[in-house]
1. Averaged per residue, what accessible area in Å² does the chain show with a 1.4 Å probe, protein chains only?
2. Shape of the range 2-195 from its Cα gyration tensor (a ≥ b ≥ c, root eigenvalues): rounded if a/c is under 1.5, otherwise prolate when a/b > b/c, or oblate?
3. If amide hydrogens are placed 1.01 Å from N in the peptide plane, which non-local residues have theirs closer than 5 Å to the one on K167?
4. For the range 66-173, compute Rh as the Kirkwood radius over C-alpha pairs and then the Stokes-Einstein diffusion coefficient at 25 °C and 0.890 mPa s; write the answer in µm²/s, rounded to an integer.
5. I'd like the GluC sites (Glu not before Pro) in the range 336-401 restricted to DSSP loop residues with at most 16 other Cβ atoms within 10 Å, sorted by number.
6. Lysines near K279 by alpha-carbon distance under 16 Å, same-chain residues fewer than 8 away left out - which ones?
7. What is the extension gain from M247 to E34, computed as 0.36 nm multiplied by their sequence separation minus the C-alpha to C-alpha distance, in nm to one decimal?
8. Can you give me the relative contact order of the chain as a percent, contacts being Cα pairs under 8 Å and 6 or more apart?
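The values are calculated or read from the model by the stated rules, or taken from the named source; none is laboratory data. Computed from a predicted structure; not experimentally measured. Cβ atoms come from the backbone with ideal geometry, glycine included; neighbour counts cover every protein chain shown. SASA here: full protein model, heavy atoms, side chains in, ligands and nucleic acids out. Shrake-Rupley method; radii C 1.70, N 1.55, O 1.52, S 1.80 Å.
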Amino acid sequence: MTIAVIGMGYVGLPLAVEFANAGFKVIGIDLIEEKVNSINDGVSYIKDVPDEALKQVIKSKRLIATCDYSVLKRVDAISICVPTPLRKTKDPDISYILAATSMIVKYIKKDQLVVLESTTYPGTTTEVIQPRLEESGLVVGKDIFLAFSPERVDPGNKIYTTTNTPKVIGGVTKKCTKMAKALYSHIIDSVIEVSSTQAAEMVKLLENTFRSVNIGLVNEIAIICNKLGLDVWEIIDAAATKPFGFMPFYPGPGLGGHCIPIDPHYLSWKLKTLNYNAKFIELAGEINSSMPNFVVTKVADALNRVKKSINGSKLLILGVSYKRDIEDVRESPALDIINILIEKGAKVSYHDPFVPVVKKNAISLKSVSLTEKRLKDADCVVIVTDHTEFDIKRIVVESKIIIDTRNATSHISSRKIVKL
Ligand code: SAJ
């Protein structure tokens, strides 16, 4: 079989490589020529796909990348792995899904299988994709086959990868489900069938809403512990000793990434069209997006204690990616924190070994080297992302004040440290 994967991002590229490793001929399609050229040169821009793994499948001609959608007329199966962002109005932006679908229907042929992997609201597959594919005159479940299968990629996770993370699949018809399961079973150890595409779409939204709401809860617990003069990290660690009925989440500077801050709003948007207000999702969103301001308050209070103001202070931010040991800054709370501090008149610089430059949200900064002088000169150092390689002990010794938003200094006690 020949398979097309549309969207060569952190979901599509690892998937394409796995299908190629399983012996399929795979065509990776992307709109961005630089990505296509990089893949064909065996140079991976996705941390979870090592260059050597990519070079292997390119050399064996199992994988090739292209911008040319006309290849779709010669493939047997198509996986859609395109972004599903939010618009500024917090409405779902399924324009990438629509664009991919219009290309598929242009070249569609009998017996093709189409699987949507992009996270979206329940109903997208049957209400948006299916009618467009059937404009071709081919009927889903008889002539062509259509399913939804949520991606479960956890960027940077060394334990759970594409092949050993169970995959949920829901087809428009039973035969659609079977076809999609037959395909994915070649590369994934465990494939779970559900009763419909809507069920599969909802499974993913439950997974990510579960995270967003629990992170929101624990962020509010952090705010509550601050008011009670309690160490929220001690409280969570002690609660986590409960061997059943509890799952630890940790407070932080806010909610970043291309999924958790976004996906639950796909669900609340859909429910609004049904005149229902999904309360937990909205509330969690409110609390999580208030955390950057909460961090800035901690900075202001700490400076105030040494008779300084944010205005005019030199502040050093350590870590700007949205979580540790990755390079992605999408929706990173560090960007909000930097913006607020600059607005208040601080001289802000940052150090992040994974992010050499930040040119986003009106910020234009380069990562500075973490010299002793820079740490000593800073009026306050803020640990926003706790990259494993940070030498925390040295940072504490050489800084005046440290605001630690990730409990990175848990093993050090010093009056210089202020934790969330
Ligand atoms: N975060 C907290 N406290 C926590 C956990 C996370 O503040 O206890 C923050 C992180 O710092 C980050 C954000 O939430 O800014 C999202 O973190 P995440 O661990 O959910 O990581 P993502 O968004 O890269 O990947 C998640 C997947 N992660 C895990 O399951 C651990 C998973 O939810 C999805 O497969 C993926 O989103 C997706 O693609 O939907």
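1. Numbers: 19340 Å² over 420 residues.
Per-residue accessible area for the chain comes out at 46 Å².
2. rounded
3. Under 5 Å from the amide H of K167: S190, V191, I192.
4. Numbers: Rh = 14.9 Å.
D, rounded to a whole number, is 165 µm²/s.
5. Values: sites: E343, E372, E389, E398; in loops: E389.
Of the GluC sites (Glu not before Pro), the ones in loops of the range 336-401 whose Cβ has at most 16 other Cβ atoms within 10 Å are E389.
6. Output for K279: K90, K270.
7. 72.5 nm
8. Details: 830 pairs, mean separation 43.2, N = 420.
Relative contact order here is 10 percent.
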